[in-house]
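Heads up, the thing below is written out as C-alpha cells.
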Amino acid sequence: MSEALLSTVAVSGGFNDPVFEAQAVFRALMDAMARPGTVHDLSVSIAPPAPLGQGSGAVALAMCDPDTPVWLGEGADSESVRAWLSFQCGAPVARDAEGSAFAFARGTNMPAMDTFAVGTQEYPDRSTTLVVDVEALEGGARLGLEGPGIDGRRTVGPVGLPEDFVTQRAANRALFPRGVDVVLVAGLRMMALPRSTVVSHVNETEAG
C-alpha cells in the first residue's frame, strides 16, 4: 500500500464524536464486566480498516492510548490497522503478546491465554485484556457462567471460539486474582468474561 493511501486509511473510519462515543463504549464495557455474559450494543459510528472488526475497533479507540501497548493477532493485524490505531489513539503495537495491555484476535485464531500478561499477586491489574472477534454472541455451544455479577448461573452461546476455550478458562481462573480478562465482540455487540467468571460446558440435559 502506498504511503499516501495508508495515510488516507489512517485518518478515516474513527468515531464521529470521539469524546461522546468513547465514553459510551467505556460505560458499556464496564457494565459488561460487572455483569458477565450479558450482551451490550455499541451505538457508535466506526469503520476500522480490515481485518479489524467494528467492535474491536471501538474498544481500541475507547480504551487505548500512547501508554497502552496493543497486540494484534492473526485476523486482526494489517499495515492499515497499525496505521489507523497509531493515528486514532496513538497506541503502540507490542512486539509480543505478553507485553500488551490490550490484545485483539479472531476467535478461530485466538492464541492460548497463557501467552498474555497475567499480572502479579501484588499488581494483578498489570494483565492483558483479550478482545476476541467471534462470529456471533448467540447460537453456539452452550456455556455456563458462574461468579461475581451473576445471580446463580447464566448460560451463553457464542459462536467461533476455540474448542479448548473452556479448558483455557479453567487454567486462567485458577490464577485469580491474576489472569486475563476476555471481551467477546461480534459486529457492534459485546460480552465480557472477566477473570473472576467460572466458565463450564452445559450438557444436553441442562440445556434442555
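The values are calculated or read from the model by the stated rules, or taken from the named source; none is laboratory data. Computed from a predicted structure; not experimentally measured. Here Cβ is always computed from backbone atoms with ideal geometry, including for glycine, and neighbour counts include all displayed protein chains. For the accessible areas, the whole protein counts, side chains as well, though only heavy atoms, and no ligand, DNA or RNA atoms are used. Shrake-Rupley method; radii C 1.70, N 1.55, O 1.52, S 1.80 Å.
Results, tabulated for the structure shown:
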{"item": "Verdict on V19 being crowded, with 22+ Cβ neighbours inside 10 Å and either in contact with a helix residue (DSSP H, G or I) (Cβ under 9 Å, 6 or more places away or on another chain) or outside any loop (DSSP other than H, G, I, E, B) (or both)", "result": "no"}
{"item": "Within the range 49-63, tally of residues that are within 14 Å of P18 (Cα to Cα) and open to solvent by 10 Å² or more (accessible area, probe 1.4 Å)", "result": "3"}
{"item": "Answer from A28, A34 - the residue that is open to solvent by 30 Å² or more (accessible area, probe 1.4 Å) and in contact (Cβ under 8 Å) with a residue 40 or more places away in the chain", "result": "A34"}
{"item": "Residues of the range 138-148 classified as over 29 Å from G99 (Cβ atoms) and in contact (Cβ under 8 Å) with a residue 40 or more places away in the chain, total", "result": "7"}
{"item": "Selection count, the range 158-177, where residues are surrounded by fewer than 19 Cβ atoms within 10 Å (Cβ to Cβ) and basic (K, R)", "result": "1"}
{"item": "Options V9, V70, V59; residue that is farther than 15 Å from L188 by Cα, within 13 Å of the chain's Cα centre (by Cα) and of a type in the set (A, V, I, L, M)", "result": "V70"}
{"item": "Flag if T155 is among the β-branched types (V, I, T) and either at pLDDT below 95 or buried (at least 21 other Cβ atoms within 10 Å of the Cβ) (or both)", "result": "no"}
{"item": "Meets criteria (over 13 Å from V183 (Cβ atoms) and open to solvent by less than 20 Å² (accessible area, probe 1.4 Å)) for G75", "result": "no"}
{"item": "Pair list, Cβ < 7 Å and 6+ apart or interchain, from the range 109-130 residues that are closer than 15 Å to T68 by Cβ and open to solvent by 40 Å² or more (accessible area, probe 1.4 Å) to residues that are part of a loop (DSSP other than H, G, I, E, B) and among the hydrophobic types (A, V, I, L, M, F, W, C)", "result": "R126/A117"}
{"item": "Flag if W84 is within 17 Å of V185 (Cβ to Cβ), among the aromatic types (F, W, Y), open to solvent by 40 Å² or more (accessible area, probe 1.4 Å) and modelled with pLDDT of 95 or more", "result": "no"}
{"item": "Where a residue in the range 4-16 is on the phi > 0 side of the Ramachandran plot and outside any loop (DSSP other than H, G, I, E, B) and its partner, wherever it lies, is among the β-branched types (V, I, T) and at pLDDT 75 or above, with Cβ under 9 Å and at least six apart", "result": "none"}
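Conditions tested, residue by residue: (1) in contact with an Asp or Glu (Cβ under 8 Å, 6 or more places away or on another chain); (2) modelled with pLDDT under 95; (3) part of a loop (DSSP other than H, G, I, E, B); (4) at positive phi.
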{"residue": "G90", "(1), (2), (3), (4)": "yes, no, yes, yes"}
{"residue": "A105", "(1), (2), (3), (4)": "yes, no, no, no"}
{"residue": "E122", "(1), (2), (3), (4)": "no, no, yes, no"}
{"residue": "V132", "(1), (2), (3), (4)": "no, no, no, no"}
{"residue": "D151", "(1), (2), (3), (4)": "no, no, yes, no"}
{"residue": "T167", "(1), (2), (3), (4)": "no, no, no, no"}
{"residue": "G179", "(1), (2), (3), (4)": "no, no, yes, yes"}
